[in-house]
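J.: Got a structure here, written out as structure tokens. Questions coming.
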Amino acid sequence: MAQLDEDRTFLQQEIEKSANVVFFGGAGVSTESGIPDFRSTDGLYHQKYRFDPEVILSHAFYESHKEEFFRFYREKMLLLDARPNACHRALAALEKRGKVKAVVTQNIDGLHQKAGSRNVVELHGSIHRNFCEECGRRYDGSFVRETEELVPRCPRCGGVIKPDVVLYGECLDERVMTRAAIAISEADLLIVAGTSLAVYPAASFLNVFQGRLLILIDKDEKKTDHRADVVLHDKVAELFGGIQ
């Protein structure tokens, strides 16, 4: 506990010194809200399914096995009842104070917005946005969850309703990438948390950071720790629990 308190005090002090804080988060930010991550010991990639999760969440699999895709997506990804944790809430409060200028996230759960953050850059899309592949009509996550058909279809035209999330094999939106790169390049403090930094092109954003300090927060040691100026090995939500 002493180390956690020490790390929290350090983080708070560095935030107070900064005029432009950007937070770049991955799956580890939401695990304490009950959202499963992918690469940790208990993550989705280490669980047993008929197909590997990375295969299921690919564009090719979505096109060829829609029922299998939506079965997995509904069970493991479409978690609409998850609640923001202490990290999400702290970041929203820091944004209101004018400290945090942007949150860049690899997550698709929408928990940052649910906590109150406004300037959120969602690199991989959101479970809360869905669209008909035929007519383009938009639907929220509740519609997809509550439809009786396993593969959701548009009531207007019968087209398949696809989640607005970036699958493996799909390109990230260039406009979203640009927003993220600009925000990170303008930050004086970049806080990276809950990500293995193994997924590109998102991991390449660290290359555009030109600020004074890069802090990496992750409970486990990673091969990429050397990319940060300071590494704090804490659970993200626990560390942010006292940040204000």
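J.: So if I average 1/r over every pair of distinct C-alpha atoms in the range 55-134 and take the inverse, what Kirkwood radius in Å does that give? Can you show the working numbers first?
T.: Details: mean 1/r = 0.0705 Å⁻¹.
14.2 Å is the Kirkwood radius here.
J.: Can you give me the P(r) profile for the range 56-103? Cα pairs, bins 5 angstrom wide beginning at 0, each as a whole percent.
T.: For the range 56-103, the pair-distance distribution reads 5, 19, 15, 11, 10, 11, 13, 11, 5, 1.
J.: With springs only between Cα atoms under 10 Å apart, run a GNM on the chain and tell me which of Thr105, Thr147, Thr195 wobbles the most.
T.: Taking springs between Cα atoms under 10 Å, the residue moving most is Thr147.
J.: Turning to a different aspect of this structure: Per residue, how many Å² of accessible area does the chain show with a 1.4 Å probe?
T.: Details: 11840 Å² over 244 residues.
Normalised by residue count, the accessible surface of the chain is 49 Å².
J.: Related question: Under 24 Å Cα-Cα from Lys17, which lysines qualify once same-chain neighbours fewer than 8 residues away are excluded?
T.: Partners found: Lys96, Lys99, Lys101, Lys235.
J.: Please check which bits of the range 101-115 a label hung off Ile182 would reach, taking the label as a point 7 Å along Cα-to-C-beta and the cut-off as backbone N under 15 Å.
T.: Within reach of a label on Ile182, which here means backbone N under 15 Å from a point 7 Å along Cα→Cβ, the range 101-115 contributes 101-104.
J.: Add -39500 (n - 2.57) for each DSSP H run of 4 or more in the chain, then divide by its residues: what number comes out at 222 nm, to the nearest 500 deg cm²/dmol?
T.: Details: 9 runs with 73 residues, N = 244.
Roughly -8000 deg cm²/dmol at 222 nm, from the helical runs in the chain.
J.: Please report the orientation-averaged projected area of the range 128-234, defined via the convex hull of its C-alpha atoms, in nm². Write out the running numbers ahead of the final one.
T.: Values: hull surface 36.0 nm².
Mean shadow area of the hull around the Cα atoms is 9.0 nm².
J.: Hey, with R₀ at 35 Å, roughly what FRET efficiency would Asp52 and Arg156 work out to, going by the Cβ-Cβ distance, to 0.05? Walk me through the numbers on the way to the answer.
T.: On the way: r = 35 Å, r/R0 = 0.99.
That pair, Asp52 with Arg156, gives E of 0.50.
J.: Taking all protein chains as present, what is the carbon and sulfur share of the accessible area of the range 96-225, in % to the nearest whole number, probe 1.4 Å?
T.: Numbers: 2940 of 6260 Å².
For the range 96-225, the apolar C and S fraction of the accessible surface comes to 47 percent.
J.: Just to check I understand the Karplus step: with θ = phi - 60° and J = 6.51 cos²θ - 1.76 cosθ + 1.60, what whole-Hz values come out for the range 85-90, glycine and proline as x?
T.: 9, 4, 5, 4, 5, 5
J.: Which Rg and Dmax, in Å, describe the Cα atoms of the range 90-169?
T.: Both quantities, over Cα of the range 90-169: 15.3, 46 Å.
J.: Pick from Ala203, Ala115, Ala180: which residue has the top mean-square fluctuation in a GNM of the chain where Cα pairs under 10 Å get a spring?
T.: Answer for the Gaussian network model of the chain: Ala203.
J.: Work out the P(r) tail for the range 60-196: percent of alpha carbon pairs separated by more than 26 Å, whole number.
T.: Numbers: 2865 of 9316 pairs.
Everything past 26 Å amounts to 31 percent.
J.: If I stretch the segment between Glu170 and Lys66 completely, what's the gain in nm (0.36 nm per residue apart, minus their alpha carbon distance), one decimal?
T.: Working: separation 104, 0.36 × 104 = 37.44 nm, distance 1.62 nm.
Answer, rounded to one decimal: 35.8 nm.
The values are calculated or read from the model by the stated rules, or taken from the named source; none is laboratory data. Model, not experiment: these values are computed from the prediction. Please note: Cβ atoms are built from the backbone with ideal geometry, for glycine as well, and neighbour counts cover all protein chains shown. To get the accessible areas, we keep the full protein, side chains included, count just its heavy atoms, and leave off ligands, DNA and RNA. Shrake-Rupley method; radii C 1.70, N 1.55, O 1.52, S 1.80 Å.
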